[in-house]
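Q: Here's a structure for you.
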Amino acid sequence: MKIEKIKLNNFRNYSNLELNFNPTKNLIIGKNGEGKTNIVEAIYVLAFSKSFRGSHEDVIVKNGETLTRIEGVVKDKRKTSYKVIINENNKIVKIDNTVIRKISDYVSNINIVLFTSEDLKLIKDTPNTRRKLINIELSQFNNEYLKILTVYNKILKQRNNYLKTLYLNGNASKDYLDIITDQLVTYGLKIHEFRSEFIKDISEYISNNYKSIASVDGLSLVYKSDYTNKSKEDILKSYKRSINSDIRSGVTSMGIHRDDYDFVLNDRQLKDFGSEGEQKNAIISFKMAELDIFRDKKGIIPILILDDLFSELDKTKINNIIKFIKEDIQTFITTTEINKLSKSLKAGSKVFKVKDGKIEEVNYE
Ligand SMILES: Nc1ncnc2c1ncn2[C@@H]1O[C@H](COP(=O)(O)OP(=O)(O)OP(=O)(O)O)[C@@H](O)[C@H]1O
Ligand SMILES: [Mg+2]
């Protein structure tokens, strides 16, 4: 899968920009704050209809403007045009000029593996960040996943609201809570199955990848969930036991919204015991496992984005990543540190030099 071109209107610091990309490697270089990440962010928004940075959707709209438009042409088996239009309170997505009403039908079409310097902190980051990452991956692999997750989140919200009702009114019906809880568990178990399968797939690859990077065996990703190895009946019983504390706190204390994932190297939790280098290598192995799964399980070659990674990594680790990137993967690399990149990488790439929202193509051959 390759993105051939992108056209931006009022996106971040770009008023109007049109770029034609290389089917293999694209380097986006420039000083801090010039607009490098904004370009790869635009590709990401084209794929997912939302950004990986910032919590509000409209932060991507250029200051002083009201509407952002991102258009792109992606070549897979055939050429397809995609469009995302975002304003303060509305979002429209189109495929080949047809409006797609459900976002979940849109997001699994352009497949991206994004690897940013933020990801390097993943092991020490909050469970919420790890869940988000896995959600994004799974939404790309299977568009049912996002639909089910959306329903689960709605039911969870309903349950939490009803817990508050029960707190304020002791006479309100507990039967209704049972009905909501039953639904929550039904959908939760489906999510659990998707996630277990994904972690199993990742585990198949992550250990080998780590071995080829660090020459050490035994890295795995371990799924931690309230639902693991439990029947629906067991789970429902646990909810019954926690009913009073749930009513007191007004939140659902159990469920797949509290799932987490541990990186474990030969029985050692990297979160607590891993050195910084071990943690970085584990994340690189994880990200490369995503590429492996796309290729081997789905027959898809996704677009790879490496944003600002090289400021955080030494030359050996950079080379370990580059080693994984085969010619058939379209890759976007943003960096301030062009000197860290090898001559051959520079010569084989299309190079975009970014300065204050203006882009110039330069040649390193
Ligand atoms: N909504 C917006 N409207 C206008 N400009 C914006 C908007 N959001 C961000 N910017 C500007 O975009 C610039 C940052 O762009 P970007 O994050 O792409 O930089 P970068 O080249 O990746 O920098 P770094 O090397 O530090 O990562 C900043 O100057 C910022 O002010
Ligand atoms: Mg940046």
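Just so it is clear, none of the values below were taken in a lab; they were calculated from the coordinates. Nothing here was measured: the structure is a model prediction, and the numbers come from that model. Every residue, glycine as well, gets a Cβ built from its backbone with ideal geometry; the counts of neighbours run over all protein chains shown.
Q: Each residue of region 78-89 in turn: what ³J(HN,Hα) in whole Hz from Karplus with 6.51, -1.76, 1.60 and θ = phi - 60°, glycine and Pro shown as x?
A: Here the 3J(HN,Hα) series is 9, 8, 10, 9, 10, 8, 10, 10, 10, 10, 3, 10 Hz.
Q: Let me ask something else about it. I need the semi-axes of the equivalent ellipsoid of region 126-299: take the C-alpha gyration tensor, multiply each eigenvalue by 5, square-root it, list largest first in whole angstrom.
A: Semi-axes, largest first: 36, 17, 12 Å.
Q: Same structure again: Need the full-extension length gain, Asp272 to Asn161, defined as separation in residues times 0.36 nm minus the C-alpha distance. One decimal, nm.
A: 36.4 nm
Q: Cα centroid distance between region 91-109 and region 208-254, in Å?
A: Here the answer is 33 Å between Cα centres.
Q: How far is the Cα center of region 337-365 from the Cα center of region 140-201, in Å?
A: Computed from Cα coordinates, the inter-centre distance equals 48 Å.
Q: Using a 7 Å offset from the Cα along the Cα-to-Cβ direction at both Thr80 and Val99, what is the distance between the two label points in nm, to one decimal?
A: 2.0
Q: Near Lys240, which lysines are there with a Cα under 29 Å away, not counting those fewer than 8 places off in the same chain?
A: Lys132, Lys147, Lys154, Lys157, Lys164, Lys174, Lys190, Lys224, Lys230, Lys232
Q: Grab the other residues whose beta carbon is less than 10 angstrom from that of Asp314, score K and R as +1, D and E as -1, and report the net.
A: My count for the surroundings of Asp314 gives +3.
Q: Could you state the orientation-averaged shadow area of the convex hull built on the Cα atoms of region 164-220, in nm² to one decimal?
A: The directionally averaged projection comes out at 6.1 nm².
Q: So what's the angle, to the nearest 10 degrees on a 0 to 90 scale, between helix 36-48 and the longest Cα principal axis of the chain?
A: Around 50 degrees separate the two axes.
Q: When a footprinting reagent is the concern and you count Cβ atoms within 10 Å, what order do Phe332, Phe198 take, fewest first?
A: Sorted ascending by nearby Cβ count, the order is Phe198, Phe332.
Q: Now, a different point. Please give the calculated 222 nm ellipticity per residue for the chain, where each DSSP H segment of at least 4 residues contributes -39500 (n - 2.57) and the sum is spread over every residue; nearest 500 deg cm²/dmol?
A: Rounded to the nearest 500, the figure is -14000 deg cm²/dmol.
Q: Taking the number of other C-beta atoms within 10 Å as the exposure measure, put Asp119, Asp296 in order starting with the fewest.
A: Taking fewest neighbouring Cβ atoms as first place, the list is Asp296, Asp119.
Q: In whole angstrom, and with the biggest value first, how far do the Cα coordinates of region 4-161 range along each principal axis?
A: 47, 40, 37
Q: Return the distance in nm (one decimal) between the two label points of a simple spin-label model at Asp178 and Asn90, each offset 7 Å from Cα along Cα→Cβ.
A: Using points 7 Å along Cα→Cβ, the separation is 4.7 nm.
Q: Determine the percent antiparallel among the DSSP beta bridges restricted to the chain, to the nearest 5.
A: 70
Q: Let me ask something else about it. Helix 232-241 versus the longest principal axis of the chain: what angle, 0 to 90°, nearest 10, using Cα atoms?
A: Approximately 70 degrees, to the nearest 10.
Q: Comparing Ile155, Ile60, Ile333, which has the greatest mean-square fluctuation in the GNM of the chain with Cα pairs linked when under 10 Å apart?
A: Largest GNM mean-square fluctuation: Ile155.
Q: While we're on this one: Below 11 angstrom from the Cβ of Ser117, what's the summed charge of the other residues (Lys, Arg +1; Asp, Glu -1)?
A: Once all neighbours under 11 Å are counted, the net charge is -3.
Q: Provide, as a two-decimal number, the C-alpha radius of gyration of the chain over 2.2 N^0.38 Å, N being how many residues it has.
A: Working: Rg = 22.3 Å, N = 365, 2.2 N^0.38 = 20.7 Å.
Against the compact-globule rule of thumb, the ratio is 1.08.
Q: To test your reading of the geometry: what angle, between 0 and 90 degrees and rounded to tens, separates the Cα axis of helix 315-324 from the longest principal axis of the chain?
A: Result, in degrees: 80.
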